[in-house]
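Data first, discussion second: the structure below is written as structure tokens.
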Amino acid sequence: MGIRERLSGNEAAAIAMKQINPDVVAAFPITPSTEIPQYFSSFVSNGQVDTEFVAVESEHSAMSACIGAESAGARAMTATSANGLSLMWEMIYIASSLRLPIVMSLVNRAVSGPLNIHNDHSDAMGVRDAGWIMLFSETNQEAYDNLLMAHRIAEHKDVQLPLMVCQDGFITSHSIENIELLEDDIVKNFVGKYKPEHYLLNDKEPIAVGPLDLQAYLFEHKAQQAEAMRNAKKVISEVAKEFEKISGRKYEFFEKYKLDDAELVIVCMNSTAGTTKAAIDELRAQGVKAGLLKIRMFRPFPAEEVAEALKNAKAVAVLDKADSLNGCGGALFEDVISGMYVSNIHVPTLSYVYGIGGRDTTVNDIKTVYTDLSKVVSSGNIDNPYRYLGLRK
């Protein structure tokens with residue numbers, strides 16, 4: 001039987017880390033993720049974990065310390081947001097290229113400039129191609145659960161890639177929700193001990209970490225990273241099935257909400273899914289066949305599965321909480337339509353950029369998207385596929 005609690009998303013993440021009890025946590029404070037290492041440091045000082053907590057001088061140093069720890073054979077974790085992730089940028093790529101299964105809690109926030117401390121997904125989208133597995137979390141419960149599954153996924157012998165668990169800054173990170181925690185011993189048994197095959201402190205196998213990698217080998221090493229990312233799909237599915245057995249909570253690559261008979265479908269990530277579900281319930285009561293596809297696993301992207309899930313829709317809208325500034329839609333939109341095109345599935349699809357800098361997105365805002373989709377279906381004309389939601393005129 002789980003433990004019923006009321007926690008913020010940051011508290012839930014910190015408690016997940018406490019139950020995992022990693023060897024090393026290195027972190028530097030930045031809003032809105034600051035509370036995670038703050039809470040965790042209290043667990044360290046109280047003797048509730050035996051983790052080595054490294055208070056560093058910058059986020060670049062935080063990721064560097066995690067890389068050093070993982071290279072030495074330790075299990076390492078960190079947390080950050082926005083500009084902090086940007087400062088890590090060099091080391092983010094190094095962590096994935098060295099195949100180090102570091103786990104990060106990324107509390108999503110707008111990246112400067114101008115300075116903004118509120119939620120959008122520009123930080124996550126900035127590193128979407130850096131070779132990290134990326135799981136998104138609609139609720140505090142999902143953020144907690146994703147972190148418990150993270151090491152099992154990242155450390156798998158067929159994966160060996162770093163993983164970030166994303167949640168929306170302030171919207172979930174600082175909001176208190178009912179949550180069900182697992183007992184410490186159940187988490188400990190589920191996560192297991194970290195037993196790396198190759199590491200610097202193994203005196204029986206001297207190795208070098210981070211050597212020069214020029215024309216003769218780098219291409220092949222990058223192809224191996226890509227293969228590991230493809231392998232992660234199967235591992236994520238397997239770990240989720242094991243997690244369901246101990247928690248009763250089922251996770252797949254994405255969540256389908258009233259999608260089976262849906263004609264008008266929104267695709268989105270993180271907390272906006274909750275707002276969309278509320279809009280769908282209101283529209284369904286009016287006879288509108290609205291549905292939702294909530295992406296949970298963004299990297300690797302389940303392109304084929306998404307296309308299959310959307311093939312019976314009459315019109316689709318993809319919501320991006322970050323603008324790629326490319327003139328042709330956001331990152332999630334591009335991935336969705338790419339997957340549909342390759343699968344030879346052709347459904348009228350609109351791109352909406354929304355919520356930039358924490359701009360509120362209401363149920364009524366979401367309902368206007370469904371209205372737009374209904375007009376596309378009735379007219380057969382998309383007009384402009386690249387749109388904004390909630391932008392002042």
For residues that are of a type outside the set (Val, Ile, Thr) and farther than 30 Å from His174 by Cβ, tally how many sit in segment 235-290. 16
Condition first: without any contact (Cβ under 8 Å) to a residue 40 or more places away in the chain and part of a helix (DSSP H, G or I). Can you find one or more residues in segment 257-271 that meet it? no
Mind checking whether some residue in segment 369-385 is more than 29 Å from Gly287 (Cβ to Cβ) and modelled with pLDDT of 95 or more? no
Scan Tyr341, Tyr354 and give me the residue that is in contact with a strand residue (DSSP E or B) (Cβ under 9 Å, 6 or more places away or on another chain), modelled with pLDDT of 95 or more and among the aromatic types (Phe, Trp, Tyr). Tyr354
Residue within segment 78-89 that is more than 30 Å from Arg6 (Cα to Cα), in a loop (DSSP other than H, G, I, E, B) and in the same structural domain as Glu11 (by TED's automatic domain parsing) present: yes
Is at least one residue of segment 59-79 in contact with a Phe, Trp or Tyr (Cβ under 9 Å, 6 or more places away or on another chain), free of Cβ contacts under 8 Å to residues at least 60 places away in the same chain, surrounded by fewer than 19 Cβ atoms within 10 Å (Cβ to Cβ) and not β-branched (Val, Ile, Thr)? yes
Sole residue being modelled with pLDDT of 95 or more, farther than 29 Å from Val127 by Cβ and assigned by TED's automatic domain parsing to the domain that holds Ile133, chosen from Lys222, Lys188, Lys258: Lys188
Only one residue in Ser45, Ser96, Ser86 is out of contact with any helix residue (DSSP H, G or I) (no Cβ under 8 Å at 6 or more places or on another chain) and not aliphatic (A, V, I, L, M). Which one? Ser45
Pairs under 6 Å by beta carbon, first residue over 25 Å from Val111 (Cβ atoms) in segment 306-331, partner at pLDDT 95 or above and among the hydroxyl-bearing types (Ser, Thr, Tyr), six or more apart or different chains? Ala307/Ser343; Val316/Thr349
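The values are calculated or read from the model by the stated rules, or taken from the named source; none is laboratory data. Here the structure is a predicted model, which means the values were calculated and not measured. Cβ: placed from backbone, ideal geometry, glycine included. Neighbour counts: every protein chain shown.
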